[in-house]
Structure formats: C-alpha cells, structure tokens
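Read the figures in this text as sums done on the coordinates, not as results from a lab. All of these numbers come straight from a predicted model, not from anything done at the bench. Every residue, glycine among them, receives a Cβ derived from its backbone with ideal geometry; neighbour counts consider all protein chains shown.
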Amino acid sequence: MALSLPIDPAANDLLNRSPLALLTGMLLDQQIPMEKAFSSPYVLAQRLDRDPDARELAEYDPDALLEIFARPPALHRFPKAMTTRVQELCRALVDRYDGDAARLWADVADGGDLLRRVGELPGFGRQKAQIFVALLGKRYDVRPAGWREAAGAYGEEGAYRSVADVVDPESLRRVREFKQAAKAEARAAKD
C-alpha cells in the first residue's frame, strides 16, 4: 500500500519514498487543499534541487528558507508561519530521531506510543496526530497494536474522514463531503 493522491505522480512518488516528505505534507495540511499540502514537499524538492533532508532544513537560514517557501506559487497560504513550522519539525526530528523521520514510527511499543510521539512534534495537535497515525496504518502498513484505537475515528475501516482514506477521485470526493458536513455541523452548533 501507499499514498495515491490525485497529484503529480512524481509528488506521490516522493511521499512514498521519503518519510520526511510525507510528514511535511501532513504538517502543511491545514487551511489549504490537501492536494496542495501534499504536493508542496515535491515543489520544495524541486526548488532545493534534491529531496528534503531534516538536518539541512533544520539548519537552513530562516530567511532563505522563507524565500523558497514564498516564491510563487507559494508552498502554503501562510508561507512564513509554515516555513517556521517545517524548520521546527526538522529540528525536533534531528534532536529526537537523528534526523530520520521514519524512526518516529520505528519500534513503537503500541498505537498509543505512536500517537504520543507524533503528537509531541511541533504543529501536530491531537487531531492531526490521529490522522497521521491513521495514514501510516492504512497506507503504509505501520500497524502497532492498538493503532486504530489511537487514531480514533480516523482509524475506522471504511471511513472517509481524512487523507488516510483517499485512494482515488471518488474517495477524495467522499472525504470532502465528510469535511463539509462536519464544518456545517460545527457552524450550526455555534448558532
């Protein structure tokens, strides 16, 4: 299994071979379409002229990295904030996992441990951490005991709630419908 979003095949390939690219795409997946978020690591790689590396990005000059993120088309709607978050993420990976994003999920004790590790990363609140645990389990066979429970509703089989459930244009449509319904429900609850 692997991630297969309706994006440039080369962008999908990067997500499937680079744990850092996958983690970066997940980090960027807020307030922009998921296709943009998960394509941005590929655009970053093109601008760097190589696959992103956690050590390199952690030590990159912040202003120079911002220029790379902000260059049209910007990698995110909020390039300055997201440049900072990506750099903080990479610094955490260097400090905790020797710069190897795959070590984040290697040798975890169980799903709760995986959720805790992901949730400790900069930019990953509980919901985003649960979605990433579901993504790892559903698309990358990272399935420690209790991973579905740790992922909450995002781990449910047959769900259409997040990027973890997107395998084709139809599933993307169903995920979008779910998100729109959830937003409408949240708005109605406020009124």
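Checking every one of the trypsin sites (Lys or Arg not before Pro) in the stretch 35-85 against DSSP loop status and a limit of 16 other Cβ atoms within 10 Å picks out Arg50, Arg77. Measure up Lys80/Lys138; Lys36/Lys179; Lys36/Lys128; Lys36/Lys190 against 21 Å on the Cα-Cα distance and list the ones that go over. Checking Cα-Cα distances, Lys80/Lys138; Lys36/Lys190 exceed 21 Å. Exposure here means at most 15 other Cβ atoms within 10 Å; with GluC sites (Glu not before Pro) in a DSSP loop as sites, the longest stretch of the chain lacking them is 1-119.
Overall, the anisotropy analysis places the stretch 35-120 in the prolate class: the square-rooted eigenvalues a ≥ b ≥ c of its C-alpha gyration tensor yield a/c not less than 1.5, with a/b exceeding b/c. Computed from the C-beta positions of Glu149 and Ala189 and an R0 of 22 Å, the FRET efficiency is 0.25 to the nearest 0.05.
A straight line joining the Cα centroids of the stretch 1-25 and the stretch 28-105 runs 14 Å. In summary, no helical segment of the chain meets the span-like criteria, namely a full DSSP H run, a Cα extent along the axis of 24 angstrom or more and a mean Kyte-Doolittle hydropathy of at least 1.0. By the compact-protein rule of thumb, 2.2 N^0.38 Å, the alpha-carbon radius of gyration of the chain corresponds to a ratio of 1.00.
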